[in-house]
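Participant: Sending over a structure as structure tokens; questions will come in a sec.
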Amino acid sequence: MHIHHLNCGTNCPLGGRLIDGISKGLTAKLVCHCLLIESADGLVLVDTGLGTEDIQHPVSRLSSTFLLMNNFQLRSQETALAQLKSAGYNPNDVRHIVLTHLDFDHAGGVSDFPHATVHVMADELRAAKERQGFWGVRRYRPVQWSSVAKWQLYEPQGETWNGFQAVKQLEGLPSDILLISLIGHSRGHAGIAIRQSDSWLLHAGDAYVHHSELQYDSVYPGIIEYQGLLDVDKKARIQNQARLRELANNPAAKVHVFCSHDPLELAQLSNVGVWQRT
């Protein structure tokens, strides 16, 4: 399988280096790291970032709280749909979308691919439909995914993969793509593992936010505050972070771990620059 790394949503929240550790101004820079996988079963997206309708109608599609907090740049060229078209792909060839979770900045582009089957943990869809509490109403935006024709739902059970519970076989997808339970940030949060020859990529979603967390607990106050606001199970998130840290620092495991919002990780994996279909 050939994997492309995409940024499907730049946001520049106030806080500068208190959030990303490097910015010199008042704002930080975060991304929404999505994947486009060319498989024998068609194109697969892992997360979608913000979608076309989100960019065109942010007030009705997105929470005003997060629009203010995250300072999204709302660039149409960053949508997965625009990037696929620009690179010469037919968006109708996207057969599957696998989601780490249903937060608005990860699932907004679902509506751009109406023919795709959407794979997600069952607990996550239940949480998104219930929208409990102040943050539940704001993080989950049903307008983004209410028109999905086919959901494929999974329970957090199956064989283990590097110490994590894993769904070993996703319906209609190659066995080289696994859904890994990483609850904590949200009720049905998951990671997506993709085999590459004798090694693995693990998209950890929002299980952590900054690459430093793979070395030690975060020292950036902005990250600590953001994670604390949205955690549904802080203990589980911290435990999963510790396990991810151990996995990422074990060369024998041959697993490259990355998260959704770290621009340095995205740059390292995408070799920086615009990718084109090959």
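Participant: Which residues, counting only those in segment 210-259, are within 25 Å of S270 (Cβ to Cβ), open to solvent by 90 Å² or more (accessible area, probe 1.4 Å) and in contact with a Phe, Trp or Tyr (Cβ under 8 Å, 6 or more places away or on another chain)?
Facilitator: Matches in segment 210-259: K254 only.
Participant: For segment 1-49, give me the residue count where each residue is more than 15 Å from A267 (Cβ to Cβ), aliphatic (A, V, I, L, M) and open to solvent by 10 Å² or more (accessible area, probe 1.4 Å).
Facilitator: 8
Participant: Additional query: Filter segment 196-213 for residues that are of a type in the set (D, E, K, R) and in a loop (DSSP other than H, G, I, E, B); which is nearest to I238 (Cα to Cα)?
Facilitator: By that ranking, first place goes to D206.
Participant: OK, next. Can you say whether L84 is at pLDDT 95 or above, touching a Phe, Trp or Tyr at 6+ places or on another chain (Cβ under 8 Å) and aliphatic (A, V, I, L, M), as far as the supplied structure shows?
Facilitator: Against the criterion (at pLDDT 95 or above, touching a Phe, Trp or Tyr at 6+ places or on another chain (Cβ under 8 Å) and aliphatic (A, V, I, L, M)), L84 does not qualify.
Participant: Let me ask another. Do you know which of the residues in segment 214-231 that are assigned to a helix (DSSP H, G or I) and either among the polar types (S, T, N, Q) or in contact with a Gly (Cβ under 6 Å, 6 or more places away or on another chain) (or both) is modelled with the highest pLDDT?
Facilitator: Out of the qualifying residues, it is Q227.
For (1) out of contact with any strand residue (DSSP E or B) (no Cβ under 6 Å at 6 or more places or on another chain); (2) of a type outside the set (K, R), each residue gets a yes or a no:
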{"site": "D54", "(1), (2)": "yes, yes"}
{"site": "Q77", "(1), (2)": "yes, yes"}
{"site": "V98", "(1), (2)": "no, yes"}
{"site": "R139", "(1), (2)": "yes, no"}
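Participant: Sticking with this one: Out of the residues in segment 169-178 meeting the condition of being in contact (Cβ under 8 Å) with a residue 12 or more places away in the chain and in contact with a Ser or Thr (Cβ under 9 Å, 6 or more places away or on another chain), tell me which one is surrounded by the most Cβ atoms within 10 Å (Cβ to Cβ).
Facilitator: For segment 169-178, the residue satisfying everything is I177.
Participant: Among the residues of segment 50-78, write down those that are among the small types (G, A, S) and surrounded by fewer than 22 Cβ atoms within 10 Å (Cβ to Cβ).
Facilitator: The answer is S60, S63, S64, S76.
Participant: Just checking: which of the helices (runs of 4 or more DSSP H) contained wholly in segment 88-163 hold 3 or more residues that are on the phi < 0 side of the Ramachandran plot and surrounded by fewer than 24 Cβ atoms within 10 Å (Cβ to Cβ)?
Facilitator: Fully inside segment 88-163 and qualifying: 122-130, 133-139.
Participant: Could you figure out which of (1) assigned to a loop (DSSP other than H, G, I, E, B); (2) farther than 26 Å from Y208 by Cα; (3) of a type outside the set (S, T, Y) isn't true of G9?
Facilitator: Going through the list (1) assigned to a loop (DSSP other than H, G, I, E, B); (2) farther than 26 Å from Y208 by Cα; (3) of a type outside the set (S, T, Y), G9 breaks only (2).
Participant: Got a number for residues in segment 189-200 being open to solvent by 10 Å² or more (accessible area, probe 1.4 Å) and within 16 Å of V167 (Cα to Cα)?
Facilitator: The total comes to 2.
The values are calculated or read from the model by the stated rules, or taken from the named source; none is laboratory data. Model, not experiment: these values are computed from the prediction. Virtual Cβ from ideal backbone geometry, glycine too; neighbours counted across all protein chains shown. Surface accessibility is based on the protein's heavy atoms, side chains included, excluding ligands, DNA and RNA. Shrake-Rupley method; radii C 1.70, N 1.55, O 1.52, S 1.80 Å.
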